[in-house]
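**Q** Input: one structure, supplied below.
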């Protein structure tokens, strides 16, 4: 198998983007809507069916024969019979014949009710005349169709009496019936229930697709870049680990897609033309819950793994969480330093990653905005700049508070994280205006929680798998059994053995 064929096969298995793929994903995401609509359609069909009156159908079929008379060929007789078929079909519902059927059958129906229940169809090619009777009562349907079968031939002969030559009377032979189906022909329970489910499914699909069309949230990297007017620095794929505790981000192995995205973000920040100095940057988002803390941890870890002394600063002074998320012992931090209660050295903590230190938010202050507005923040950040190569400030969301904007005014650059399918263009633009209110601008955007079909590095990751570069997967069953290999030689000394892992 060639490299291209293998790569194409893996992409096909993981889902290559197709023209209607977004609508399919919308339907999958709204599966509960489709399910509810299908159940509603089934319930509606069941209700209508249960309240419908059962209808029974009787049928009798005649074969029309007009014998040839003297001086008339068989073909002429056949054409004559064909010409009469439409008249015979009309005769079945004539007032005179219906009155006779009502009188003979004793079905207890009026002439009008009997007329409504009778229908006739004529086939001039086969000379077959089919009469059907549909009634809500089985016995009345049988009595009516039996009366038609027994009296229609005589009614035809009476109509043609004196108009045909002797021996040329039309003969109507009963070839099927009279009979009534044992079960009702309507309502058709399986058909009605099936149609109800199909209509419900169709309604559910229409609703989910309409919701997607009306959804103005930003979902693709192109939409985020266009709405913000800023360069897109990274596409972070969705990860279950990143959606849980933040400490899991620090544990992700180097071959993962998250680590690949973090390295991509690190490279783009280092070479961003609008950010010549990226020593102190802040990471924020338009609203809360978009993954700014996770992104800050990923970038901080990537810089630390590159050998740079990195400090991660939590600036969520109102709702500190970092200490609990990554399992740090001290709860004092930035707010205590800004208030002048503690020196910076006393609040710096080590993490599980070499070269990565952190300062948590600290004690929740009464006036967090006032702490961030003062000169103390600028002095503390300058002190951090002298001690560390990289300082990343994990700021709160840009809306509805101004804390993130105040931080953005005193750092080298601001990165805005946008979670896939979370915020609209209007919300993002309004958040970016908060930065403009303090005479600063965002430097770039990062789209987070992107499905694998849209995440950057996916093709590169697949290429590594196909070509055998790197080992992104571990055996599920643990390490393989050890193989014993002799170490020593032919010196006659005792041979030692060690376990060598593959």
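**Q** For region 113-123, state whether one or more residues are loosely packed, with under 12 Cβ neighbours inside 10 Å, on the phi < 0 side of the Ramachandran plot and modelled with pLDDT under 90.
**A** no
**Q** Here's a follow-up. Do any residues in region 269-284 that are farther than 22 Å from residue 448 by Cα have Cβ atoms under 7 Å from those of residues that are not in a loop (DSSP other than H, G, I, E, B), where the two are at least six apart or on different chains, and which pairs are they?
**A** Listed pairs, sorted by first residue: 279/385; 279/390; 279/391.
**Q** Is one or more of the residues making up region 78-100 within 30 Å of residue 192 (Cα to Cα) and modelled with pLDDT of 90 or more? Outline the logic, then answer.
**A** The first filter runs over region 78-100 and keeps only residues within 30 Å of residue 192 (Cα to Cα), leaving none.
No: region 78-100 contains no residue that is within 30 Å of residue 192 (Cα to Cα) and modelled with pLDDT of 90 or more.
**Q** Being modelled with pLDDT of 90 or more and either closer than 30 Å to residue 259 by Cβ or under 47 Å from the mean Cα position of the chain (by Cα) (or both) is the requirement here; does residue 391 meet it? Can you show your working first?
**A** Values: modelled with pLDDT of 90 or more: yes; either closer than 30 Å to residue 259 by Cβ or under 47 Å from the mean Cα position of the chain (by Cα) (or both): yes.
So residue 391 fits the description; yes.
**Q** Tell me, please, whether a residue that is closer than 29 Å to residue 311 by Cβ, modelled with pLDDT under 90, assigned to a loop (DSSP other than H, G, I, E, B) and within 28 Å of the chain's Cα centre (by Cα) can be found in region 433-454.
**A** no
**Q** Does residue 422 fit the bill of being under 35 Å from the mean Cα position of the chain (by Cα) and either closer than 28 Å to residue 304 by Cβ or surrounded by fewer than 19 Cβ atoms within 10 Å (Cβ to Cβ) (or both)?
**A** no
**Q** Can I ask one more? Across region 282-320, what is the number of residues that are closer than 18 Å to residue 356 by Cα and touching a helix residue (DSSP H, G or I) at 6+ places or on another chain (Cβ under 8 Å)?
**A** 19
**Q** Something else about it: Taking only region 314-333 into account, find how many residues are surrounded by 19 or more Cβ atoms within 10 Å (Cβ to Cβ) and under 39 Å from the mean Cα position of the chain (by Cα).
**A** The total comes to 9.
**Q** I'm told residue 148 meets every condition in (1) modelled with pLDDT of 90 or more; (2) in a strand (DSSP E or B) except one. Can you identify the failing condition by its number?
**A** (2)
**Q** Could you tell me whether any residue of region 241-257 is in the same structural domain as residue 398 (by TED's automatic domain parsing), within 24 Å of residue 445 (Cα to Cα) and in contact with a strand residue (DSSP E or B) (Cβ under 6 Å, 6 or more places away or on another chain)?
**A** Yes; the residues of region 241-257 include at least one that is in the same structural domain as residue 398 (by TED's automatic domain parsing), within 24 Å of residue 445 (Cα to Cα) and in contact with a strand residue (DSSP E or B) (Cβ under 6 Å, 6 or more places away or on another chain).
**Q** Taking the conditions exactly as written (at pLDDT 85 or above and touching a strand residue (DSSP E or B) at 6+ places or on another chain (Cβ under 9 Å)), does residue 170 satisfy them or not?
**A** no
**Q** Here is a further query. With the requirement that a residue be touching a residue at least 40 places away in the same chain (Cβ under 8 Å) and not in a loop (DSSP other than H, G, I, E, B), what does region 203-218 give you?
**A** 203, 204, 205, 207, 208, 209, 211, 212, 217
**Q** Could you list all residues from region 223-235 that are at pLDDT 90 or above and not in a loop (DSSP other than H, G, I, E, B)?
**A** Matches in region 223-235: 224, 225, 226, 227, 228, 232, 233, 234, 235.
**Q** Pick from 156, 104, 171, 185: which is closer than 19 Å to residue 66 by Cα, touching a residue at least 40 places away in the same chain (Cβ under 8 Å) and surrounded by fewer than 16 Cβ atoms within 10 Å (Cβ to Cβ)?
**A** Among 156, 104, 171, 185, only 171 is closer than 19 Å to residue 66 by Cα, touching a residue at least 40 places away in the same chain (Cβ under 8 Å) and surrounded by fewer than 16 Cβ atoms within 10 Å (Cβ to Cβ).
**Q** Every residue in region 124-153 that is closer than 11 Å to residue 60 by Cα, surrounded by fewer than 19 Cβ atoms within 10 Å (Cβ to Cβ) and touching a helix residue (DSSP H, G or I) at 6+ places or on another chain (Cβ under 8 Å), please.
**A** Result: 150, single match.
The values are calculated or read from the model by the stated rules, or taken from the named source; none is laboratory data. Quick caveat, the model's predicted, so the values are computed rather than measured. Note that we place each Cβ from the backbone using ideal geometry, even for glycine, and neighbour counts take in every protein chain shown.
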